[in-house]
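Have a look at the structure below, then the notes.
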Amino acid sequence: MDFCPECRGIMLPSEGDLKCTKCGFVKTLSNKDKEEYKIEEKVEAEDNVKMLGEETNTQPTTTEHCPKCGHDKAAYKLLQTRSADEAPTRIFTCLKCKHTWRAYD
């Protein structure tokens, strides 16, 4: 692997020469060197992203009474909204009606 003498970017084979991926500097290769810098394997991209959808809840849940609809399950998160020596604020989201409210200790 060669690096660009101008910007230290990676030099990749391009039309028989080496070309910098950052600044475009071109290094001319001899016929002997052209075989050494040949890219032979093509890598196909794979789609590894899994779509969870909008309704999938990835937050932790707890038993908490919703003040709007009365449902007894809610997702929650903890946020430090006040000074560091005070307890964090608990933010609840009802799993049924999506109402959000907070609780303090």
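Every number here is computed from the coordinates shown, using simple stated rules; none is lab data. These numbers come from a predicted model, not from an experiment. Note that each Cβ is placed from the backbone with ideal geometry, even for glycine, and that neighbours are counted across all protein chains shown.
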Which cross-chain or sequence-distant (5 or more) residues have an amide H under 5 Å from the amide H of LEU29, H modelled 1.01 Å from N in plane? LEU18
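Cβ under 11 Å from CYS66's Cβ, CYS66 left aside: what net charge do those residues give with Lys, Arg +1 and Asp, Glu -1?
On the way: positive: LYS68, LYS73, LYS96, LYS98; negative: GLU64, ASP72.
Value of the local net charge: +2.
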How far is it, in nm, from the label point at LYS77 to the one at CYS23 when both lie 7 Å from their Cα along the line to the Cβ? 4.3
Residue separation times 0.36 nm, minus the C-alpha to C-alpha distance between VAL49 and ASP85: what's the value? 9.0 nm
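Using the Cβ atoms and a cut-off under 9 Å, what net charge is assigned to the surroundings of ILE91, where Lys and Arg are +1 and Asp and Glu are -1? Mind dumping the intermediate values first?
Values: positive: LYS77, ARG90, ARG102; negative: none.
In short, +3.
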